[in-house]
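Where a number appears in this text, it was derived from the coordinates with a stated rule and is not lab data. Keep in mind the model is a prediction, meaning the values are calculated, not measured. Cβ placement follows ideal geometry from the backbone for every residue including glycine, while neighbour counts extend to all protein chains displayed.
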Amino acid sequence: MNITLKINKIYKYLLLFILIPKFRFGNACSAGQTPMNRFPRRMFSCNEKQWLTRHNKYFLLLILIISNPLYLLCLDKDSDYTLSTEIFAGWSYKLNSELAGEPSYSRSGLPVGLRIMWEPDNLLRVGIESAYLKLSSFEKQGIETKYGTTNAKASLNAVPILLIFSMNKWNFDISTGLGVYYLYATFDAKLINSVQQSGEWDMGFLLSIGYTYPFDGPFSVGANLKYYSISERQEYLISPQISLKYNVFTW
Amino acid sequence: MSNLNILFLSLIVLSSILFSSIILSSCKGDYSVNITGFADSQLKNTTSLNGFIKKKISGLYKVRTGKKMFGDTVVVKWSGTTMSVFARRNEAYMVLKGGSLDSSLVFEGYWRFAQSDRSGNIRLHIAYMEGAKELLQELPPGKVILSGFANEDGTSRSSISLEYIKPLKVNDGFYIVAHRGGGRNSDLLPYSENSLEIIQYAEILGANAIEIDIRLTKDKEPILYHDDNFNTRLIKGEYMVGPVENYYLYQVKNFCTLKKGEIIPTLSEALEVVIKKTNIKFVWLDIKSVEAARISIPVMNNYMKMANQRGRDLVILVGMPTREIFDFIVSGSEYETALKLCELSIDDVRKSNSKVWAPRWTLGYLTNQVEAMQSEGRKTVVWTLDEPGFIRKFINESKFDGILTNYPTLVAYEYYIKDQ
Amino acid sequence: MVSLFKIEPIKINENILLNKFIKYIALLILPLSLLMQNLSAQREFVYFPKAIPAWDISHTAGISLAILPRAIVEEEIRQVPVLDYQLRLGLPYNFSINTRVSAVYIANQASIGLQWSYSYDDFSFSIGDNTAYWYGFADIDGFDIVATGWMNYPFISIGADLEEVYLTIKAEMLIITNQNTSVGETSLYNQRNKMAGYAVSFAIEQPFWKDNDFLLAVRLNYATFMYQSWLAVSTSDNKRMFPEFIIGFIL
């Protein structure tokens, strides 16, 4: 048998094999409880903390989705590939709010982030993006607690980890990203006497349009308008940003 | 590989991502029911109805017109100042307020199909010659006919006419247990699940008992909340992210509200409302952790005492849904006096001396075991039964003493119509 | 990406480690494999609505994953992953027989149907109807329930042949013919011929490795009921979105 055919077969089963166990019921359920004895009470509930384990089939799915264009791009043997990194910063504004109008409520922030892209000499580019986003902050005064009256300051932040697909033509690009956001709230209340934090992973996506101006050499600068959506929590952000891009290497 | 194809593929990939995103965000696009009421309400100039009238109006009614919406018979039942009408067809029900004019009685409110988002306004009268004459003079009426119309979206009008057949049978101790204090958020009720407001609405929906979910905050306060995490299904409040036990009570009270704007109640607040503002006879605390059981049982016992002092016909029971909670409660001698509800086997019910056995409805009638429990003086309640066909079957064929449901209107209808 | 997989349930057993190991290997192989593939002339498809020669068979095996609406299953499991096998048998006069078997321990469906195809240039069109029988059971602690039912799925589909890629869009109606649920010693039969909703599918069939093709489909079900959610015994009459992802190897 042809060796490539053999590898092919093994690979196919491998792929099925890695997908199947993840699809089992209760795979990510708490320690010490077998899926079956957990099943009757809560059907197949899982602990939110193990979100990633529970959802990593999505990543595999995504990898499969990416593999299509990747594979086609790989067919073009004579083209160049570039690995680029981009740092960006800007201003953000949270679009939805139930606290709008409250004097101590702020829904703007200064996001900073990093994007790493693999750029074939082609239309489609893929990569990964992460950032720090401050969504909003709010201070409530004169809260009656059992410890006494206090003020409490809350803020909401997110760190996205997104797979980016980008189409580029004449230095303009349109990108979409799909992935997860670590959304967390921090509280600071004088009487409770500690900064306290709580968060979770949520699915979400990103849309962006931008223009990049290349200098001679590896550097270029750009401007982007991004729309972040933390879909699972229904939080939406719009953010104009400027970026500095550096082509790490080309082969 | 042509450039065109790559372009095509890229578009496919981009659009599939967009699609996935739309799917993800479509979770929020849920249904809602808006009850507007009549702009030209006739209730404004009426005087409120007395107990005699309410009693005489309660009963089984034959549907003369409006069969397409409400079926052949309906159950009319009063709770406080509200008249509820329960039907089988379309899982329909009505919630009405009433008043008397000089020579007639008028009722206005809304109708709903419990399992869909269809709803509208409804106005009914009892005309002078159709019962109002006697009712206004506090004489037993020869006949009572409720007639009027129901509309949908304020436009289409269908006539409704209901004719009194006989009074309602007396409830012989059957528990119609409303899930999560009255019903789930997904059933589009006017109040949020596990709120003080829905607890006070439960009787209007036909329940005489409630089940509520108990969790602890970081400072060990028992609150009414179902899910493990704060999420958009249950609350509004952007700073509430992640597990409930990460948050202090002051944060729960000040930084979020339930979906319809209510404040998340503590267990004490809920039991206070049950005792003082309702006639609910049975409260089932669905405890979510061992720690929550430890903290909630003393609170529950205090309110049990308060209810007894006030002469309230009420039992408050701590649920034992898991082996873990069961073992904890059974091992602690200080929990011996607490009233218990056991979801495990009948042997566990005996071992813990639980007052109520609550098996899942998906096990069927379990007639032998139910009879065994009843012969020992225990009650049996089945959960969480929502399928209309099975509600009818369980009420008519099984021996259970109660049904936990998201649709108490349906259970109430089937219960009051049984053997009539 | 890879580091995301490091968060595992608290209790790590050998199975999980093995699983993890295989996953890393697969992630390494995947990009390599993509570089090695080339195109074959002989192409097979299952979704693409073009007629296949009489008595020819094309079939696919893989996994489908349905995401159930939160309103129905709440915090219980929202993903029902199912082993999926589809077979298409060519008949004379552009007809073909479709069968699909989806099975996971507690919820299973088998369907069979007939379709007729018509092709013009690179575009194909087909119309057909599938009848499905589904079966679900749970007999563990707290459950003694069996549910079965018949569904009918009339459909039309159009597809485009983009040389390497077959692209298909399929629109279906979901009709509940009847349903029977038994709990303990009692059962309930509903003969209702009710329109449950609609579904739109997007499918890509393309080369994956050497002689093998690969199917990636998204089916958006907008319906009141889907058999995978039978255990939730939902009674809601409101239509909701049940997205379903299908990945398969064309064998």
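Brief remarks follow.
- Residue by residue along C:144-153, Cβ atoms of other protein chains within 10 Å of the local Cβ number 1 on average.
- Label sites at A:Val195 and A:Phe172, each approximated as a point 7 angstrom past Cα along Cα to Cβ, lie 4.3 nm apart.
- Restraint check, B:Lys288/B:Lys351; A:Lys134/A:Lys226; A:Lys140/B:Lys260; B:Lys54/B:Lys133; B:Lys54/B:Lys260, Cα-Cα greater than 26 Å: B:Lys54/B:Lys260
- Taking amide hydrogens as placed 1.01 Å from N in the peptide plane, the amide H of C:Thr186 sits under 5 Å from those of B:Tyr365, each at least 5 positions away in sequence or on another chain.
- Average beta carbon contacts from partner chains per residue of A:161-172, 10 Å cutoff: 2
- Protection proxy ranking, peptides B:290-301, A:144-155, B:202-213, average beta carbon neighbours within 10 Å, highest first: B:202-213, B:290-301, A:144-155
- Under-5 Å amide H pairs with C:Asp56, H placed in peptide plane, nonlocal only: C:Gly90
- Here the calculated FRET efficiency for A:Thr85 and A:Glu139, from their Cβ-Cβ distance with R0 = 41 Å, stands at 0.65, rounded to the nearest 0.05.
- Each of the peptides B:245-252, A:98-105 was scored by the mean count of other Cβ atoms within 10 Å over its residues; in descending order, highest first, they stand as B:245-252, A:98-105.
- Among the chymotrypsin sites (Phe, Trp or Tyr not before Pro) in the range A:152-195, those located in a DSSP loop and surrounded by at most 15 other Cβ atoms within 10 Å of their own Cβ are A:Trp170.
- What the Cβ-Cβ distance of C:Ile140 and C:Tyr222 gives, at R0 = 45 Å and to the nearest 0.05, is a FRET efficiency of 0.90.
- Taking a point 7 Å out from the Cα of B:Asp72 in the direction of its Cβ, the residues of the range B:378-418 whose backbone N falls within less than 14 Å of it are B:417-418.
- Nitroxide proxy distance, nm - points 7 Å out along Cα→Cβ at B:Ile165 and B:Asp313: 2.5
- Each peptide in B:221-234, B:39-52, B:187-200 receives the mean, over its residues, of other Cβ atoms within 10 Å, and ordering these scores from highest gives B:187-200, B:221-234, B:39-52.
- Length added when fully stretched, C:Thr177-C:Tyr133, from 0.36 nm per residue minus Cα-Cα: 14.9 nm
- Shape analysis of the range C:40-250 places it in the prolate category; the axes a ≥ b ≥ c from the Cα gyration tensor give an a/c of at least 1.5, with a/b above b/c.
- When the square roots of the Cα gyration tensor eigenvalues are ordered a ≥ b ≥ c, the ratio a/c for chain B is 1.5 or more and a/b does not exceed b/c, which makes its shape oblate.
- Footprinting exposure proxy ranking of B:Lys259, C:Lys239, fewest other C-beta atoms within 10 angstrom first, gives B:Lys259, C:Lys239.
- Shown for C:Ile156, A:Ile164, C:Ile175: other C-beta atoms within 10 Å of each C-beta, ranked fewest to most, produce the order C:Ile156, C:Ile175, A:Ile164.
- In Hz, Karplus ³J(HN,Hα) per residue of the range B:225-235 (6.51, -1.76, 1.60; θ = phi - 60°; x = Gly, Pro): 7, 8, 6, 5, 10, 6, 8, 6, 5, 10, 10
- Of the DSSP H helices in chain B, those that are both long (alpha-carbon extent of 20 Å or more along the helix axis) and hydrophobic (Kyte-Doolittle mean at least 0.0) are B:3-26.
- Measure of compaction for the range B:175-417 (Cα Rg per 2.2 N^0.38 Å): 0.97
- With a 10 Å cut-off around each Cβ of A:231-241, the average count of Cβ atoms from other chains is 3.
- Where Rh is the Kirkwood radius over Cα pairs, Rg/Rh for the range B:294-403: 1.00
- Likely footprinting exposure, B:Phe282, C:Phe123, fewest C-beta neighbours within 10 Å first: C:Phe123, B:Phe282
- Estimated distance in nm for a label pair at B:Ala372 and B:Asp419, the labels positioned 7 Å out from Cα along Cα-to-Cβ: 2.6
- Along the range C:110-123 the Karplus relation, 6.51 cos²θ - 1.76 cosθ + 1.60 evaluated at θ = phi - 60°, assigns HN-Hα couplings of 10, 9, 9, x, 10, 9, 10, 10, 9, 10, 9, 6, 8, 10 Hz to successive residues, with x for each Gly and Pro.
- Per residue, the convex hull spanned by the Cα atoms of the range B:51-166 measures out at 91 cubic angstrom.
- Under 5 Å between amide hydrogens, built in the peptide plane, is the criterion, and for B:Leu168 it picks out B:Gly59, B:Leu60 among residues at least 5 positions away or on other chains.
- In order along the range B:198-214, the phi-based Karplus estimate (6.51 cos²θ - 1.76 cosθ + 1.60, θ = phi - 60°) of 3J(HN,Hα) comes to 6, 4, 6, 9, 4, 5, 4, 7, x, 7, 10, 8, 9, 10, 10, 9, 10 Hz; Gly and Pro are listed as x.
- Cβ-Cβ FRET estimate between A:Tyr211 and B:Ser268, R0 fixed at 56 Å, reported to 0.05: 0.40
- Within straight-line reach of C:Lys50, meaning a Cα separation under 18 Å, sit the following aspartates and glutamates at least 8 residues removed in sequence or on another chain: C:Asp121, C:Asp122, C:Asp129, C:Asp161, C:Glu163, C:Glu164, C:Glu172, C:Glu205, C:Asp213.
- If you bin all the Cα-Cα distances of the range A:79-251 at 5 Å, starting from zero, the percentages per bin are 2, 8, 15, 19, 15, 12, 9, 7, 5, 3, 2, 1, 1, 0.
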